[in-house]
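*Asks:* Take this structure first; my questions come after.
The values are calculated or read from the model by the stated rules, or taken from the named source; none is laboratory data. Please read all numbers here as calculations on a predicted model, not as lab measurements. Reconstructed Cβ throughout: ideal geometry from the backbone, glycine too, with neighbour counts over all protein chains shown.
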Amino acid sequence: MIGVHVTYVRCASVRDLHPGEIKPVRVRGGHELALAVIDGRVHAFEAYCPHQAWPLKWSEAENGADGTPNLICGLHGWRFCLDTGVTIDPPSMDDLAVYPTRVTDGVVYVGLPGNL
Ligand code: FES
């Protein structure tokens, strides 16, 4: 989201996130997201797969072979990079929307485009 104005909105408490789990959240405005923690970093992404809208809370988040954080959809196994949203496998398919995060005083904030 380079060059896009974002507004950070509160979406979860850090203590509610656990490595290896994917937490669905609904933020201000009704936007549905999912959160995953990999190597201590919080990643935020769309709640549904861009392929056939599978709820990504039923997926796996892990480091890929190259060390980048990956999400593997639980239905057909598409693999996405959680840093960029790019579809790794199969390549050149619809990408996953990912969002910047920051943690302040134990609260996770997600940057969404525009003024909310
Ligand atoms: S619904 Fe996610 S890969 Fe098909």
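*Asks:* Taking segment 25-67, which residues are at pLDDT 95 or above, out of contact with any Gly (no Cβ under 8 Å at 6 or more places or on another chain) and in a loop (DSSP other than H, G, I, E, B)?
*Replies:* Ala47, Cys49, Pro50, His51, Gln52, Ala53
*Asks:* Follow-up. Determine which member of the set Arg102, Arg41, Arg79 is farther than 23 Å from Thr7 by Cβ and of a type in the set (Lys, Arg).
*Replies:* Answer to the selection: Arg79.
*Asks:* Let me ask you something else. Might you check whether a residue that is of a type in the set (A, V, I, L, M), in contact (Cβ under 8 Å) with a residue 24 or more places away in the chain and within 19 Å of Val103 (Cα to Cα) occurs anywhere in segment 39-50?
*Replies:* yes
*Asks:* Can I ask one more? Being small (Gly, Ala, Ser), within 13 Å of the ligand (Cβ to nearest atom) and surrounded by 14 or more Cβ atoms within 10 Å (Cβ to Cβ) is the filter here, so list the residues in segment 42-95 that pass it.
*Replies:* Of everything in segment 42-95, those that are small (Gly, Ala, Ser), within 13 Å of the ligand (Cβ to nearest atom) and surrounded by 14 or more Cβ atoms within 10 Å (Cβ to Cβ) turn out to be Ala47, Ser59, Gly74.
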